[in-house]
1. Apply the Karplus parameterisation 6.51 cos²θ - 1.76 cosθ + 1.60, with θ equal to phi minus 60°, to every residue of segment 124-134 and state each ³J(HN,Hα) to the nearest whole Hz, in sequence, with x for glycine and proline.
2. Given the peptides 116-127, 99-110, arrange them by the average over their residues of other C-beta atoms within 10 Å, most packed first.
3. For segment 77-152, give the percent of accessible area contributed by carbon and sulfur heavy atoms, probe 1.4 Å, rounded to a whole number.
4. Stokes-Einstein at 20 °C, 1.002 mPa s, Kirkwood radius from Cα pairs: D for segment 1-112 in µm² s⁻¹?
5. Hey, what D do you get for segment 98-166 in µm²/s if you plug the Kirkwood alpha-carbon radius into Stokes-Einstein at 20 °C and 1.002 mPa s?
6. Of the listed values (i) 0.97; (ii) 1.04; (iii) 1.00, identify the label whose number matches Rg/Rh (Cα atoms, Kirkwood Rh) calculated from this model.
7. What does the accessible area of D6 come to, in Å² to the nearest 10, when a probe of 1.4 Å is used?
8. So how far apart, in nm, are the two label points at W41 and K165 if each is 7 Å from Cα heading toward Cβ?
Amino acid sequence: ESLWGDETFTIRFVEGSIGEVVQRTIHDVHPPLYFIMMHFWTGAFGFSEAALRVPSVLFSLAAVFVFYLLCKRLRLDAFLGTALFALSLSGLVYAHEARSYSMLVFFIVAAWYYLAGIMMMNRGYFGYAVMGALMIYTHVLGLIVFTATTAFVVFSVPRNVFFGKKFIYSALVPAVLFLPWIPSFLIQIKDFLPLLIGRLALNTNGIVTPAVFWVLLFN
């Protein structure tokens, strides 16, 4: 299929210098890692449809492989689990989109793989920290997933079973590395929030008005 709307944004965002790529990203929704990676990729392989989509294919295949390892580590049915994962939205749609979704999914699955190692074998802290930092710099949902995953461990796992300083440090590393992006993140929120509220009002036929949105947000 030909490139569709969001994929053309990728082309526009990755052209120019690294400074220009980051500057454009500040006025987008997502962090800059994917666009920086694609800047160098397109510099080497060009802007054809195939060239733009190959990274997503590779990240998707890598995610499927790591998901298989995750299932094995968790002693689940690895073949069935991996087959279902490969046939999911991530495997069938995002695998050939020139967007950051496959890259994000790979980092999330890899982070969970290392987290399973922490929970079961008390190892994998460095990997969890690295994958956490990569996911939060790839997509805004990466920040949400990493925060939710870390909070789940801290607040849901009994301390007599698992809880240690090494995990806290591994969770703090991505948070610290994200600090330089915080000013840009606040600009993104400022730019995107009115659009989000407008879309909510439109998609709910006026039920979720700006006033309703703020009431729901703070309650």
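The values are calculated or read from the model by the stated rules, or taken from the named source; none is laboratory data. Every value quoted in this text rests on a predicted model; they were computed, and no experiment measured them. Cβ atoms come from the backbone with ideal geometry, glycine included; neighbour counts cover every protein chain shown. When the accessible area is computed, the model is the full protein with side chains, heavy atoms only, and any ligands, DNA or RNA have been set aside. Shrake-Rupley method; radii C 1.70, N 1.55, O 1.52, S 1.80 Å.
1. So the J values, rounded to whole Hz, are x, 5, 5, x, 5, 5, 5, 5, x, 5, 5.
2. Output ranking for 116-127, 99-110: 99-110, 116-127.
3. Whole-percent figure for carbon plus sulfur exposure: 78.
4. D, rounded to a whole number, is 145 µm²/s.
5. In µm²/s, the coefficient rounds to 174.
6. Matching the structure shown: (iii).
7. Surface accessible to solvent at D6 totals approximately 50 Å².
8. Between W41 and K165, the label points sit 4.0 nm apart.
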